[in-house]
Amino acid sequence: MARYLITGIAGFIGSTLAHALVEQGHEVRGIDNLSTGNLDNLADIRSAVDFEQTDLQDVAGMKSACEGVDFVLHQAALPSVPRSIQDPAAAHRANVDATVQVLVAARDAGVKRVVFAGSSSVYGNTPTLPKREDMRPSPLSPYALQKLVSEQYCQMFTSLYGLETVTTRYFNVFGPRQRPDSPYSGVISLFISAFSEGRQPTIHGDGRQTRDFTFV
């Protein structure tokens, strides 16, 4: 049994990780500022999760959250390209500055590994398929660039401090607890919501577009 800290635990992916870890018998600690997350996602396991509502840029809060933790699953972010374009400074604070705080707190607490939620957006619009990890990144938005910079911070903390880090570049994740009412929701949840309500889903373009989707 291990002790995990999940940042962004009240979100779609964070809560799914929490459910899986609780079912496997691990200890789960979670933090979330609830700016986009919802505690309803944890309702059925709330008693099994050590939850704290705090922001990742709260230095004392992060230090406390990482104490005694084996692994950190860093899911918290402002996952929106449009919002990052509208307010790049706020997105930078939520995506880059917060990640640095997580890494510092994990390093100081002796955490074994930090798993960072990266994004396939770092590849940009390169036509090469399938995408490969050794491809040259070409971010086209502040959000994509922030995810890439955070990846590089992870690599640097491994190189400088020996903190083991892993980045996973998500491709359009979908599944239970994904909010179809969010303006930034994935198309799968929007389609399912439309079908379940007897509405015709909206398809832009000629319908021959392709995209990668990953079940949570």
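The values are calculated or read from the model by the stated rules, or taken from the named source; none is laboratory data. Keep in mind that this is a model prediction, so the values were computed, not measured. With ideal geometry, Cβ positions are generated from the backbone for all residues, glycine too; neighbour counts draw on all protein chains shown. These accessible areas exclude ligands, DNA and RNA; they are computed on the full protein's heavy atoms, side chains included. Shrake-Rupley method; radii C 1.70, N 1.55, O 1.52, S 1.80 Å.
With the requirement that a residue be among the hydroxyl-bearing types (Ser, Thr, Tyr), surrounded by 17 or more Cβ atoms within 10 Å (Cβ to Cβ) and either more than 30 Å from Val72 (Cα to Cα) or modelled with pLDDT of 90 or more (or both), what does the stretch 164-200 give you?
Quick first cut of the stretch 164-200, residues among the hydroxyl-bearing types (Ser, Thr, Tyr) only: 165, 167-168, 170, 182, 184-185, 189, 193, 196.
Right, trim to surrounded by 17 or more Cβ atoms within 10 Å (Cβ to Cβ) and you get 165, 167, 170, 189.
Residues satisfying the conditions are Thr165, Thr167, Tyr170.
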Given (1) without any contact (Cβ under 8 Å) to a residue 12 or more places away in the chain; (2) closer than 19 Å to Val96 by Cα, number of the condition Thr7 does not satisfy: (1)
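Give the number of residues within the stretch 1-18 that are assigned to a helix (DSSP H, G or I) and touching a helix residue (DSSP H, G or I) at 6+ places or on another chain (Cβ under 6 Å). Quick ask: steps written out before the conclusion?
Taking the stretch 1-18 first, the residues assigned to a helix (DSSP H, G or I) are 12-18.
Restricting the remaining residues to those that are touching a helix residue (DSSP H, G or I) at 6+ places or on another chain (Cβ under 6 Å) gives 15.
So the count comes out to 1.
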Those residues of the stretch 111-154 which are open to solvent by 40 Å² or more (accessible area, probe 1.4 Å) and either under 21 Å from Val69 (Cβ atoms) or among the charged types (D, E, K, R) (or both), in sequence order: Lys112, Arg113, Lys131, Arg132, Glu133, Asp134, Arg136, Tyr153
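Okay, residues lined up against (1) under 30 Å from Ala105 (Cβ atoms); (2) touching a strand residue (DSSP E or B) at 6+ places or on another chain (Cβ under 9 Å):
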site: Gln155; (1), (2): yes, yes
site: Tyr161; (1), (2): yes, no
site: Val166; (1), (2): yes, yes
site: Phe191; (1), (2): no, no
site: Arg199; (1), (2): no, no
site: Thr202; (1), (2): no, no
site: Arg208; (1), (2): no, no
site: Thr214; (1), (2): yes, yes
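Select, from Ala18, Ala43, the only residue that is of a type in the set (Gly, Ala, Ser), closer than 24 Å to Phe174 by Cα and crowded, with 19+ Cβ neighbours inside 10 Å. Give the derivation first.
On the way: Ala43 fails: crowded, with 19+ Cβ neighbours inside 10 Å.
After ruling out the rest, the residue left standing is Ala18.
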Among the candidates Asp108, Asp97, residue that is open to solvent by less than 70 Å² (accessible area, probe 1.4 Å), out of contact with any strand residue (DSSP E or B) (no Cβ under 9 Å at 6 or more places or on another chain) and modelled with pLDDT of 95 or more: Asp97
Single match in Val59, Val81 (criterion: aliphatic (A, V, I, L, M), more than 19 Å from the chain's Cα centre (by Cα) and closer than 21 Å to Tyr153 by Cα): Val59
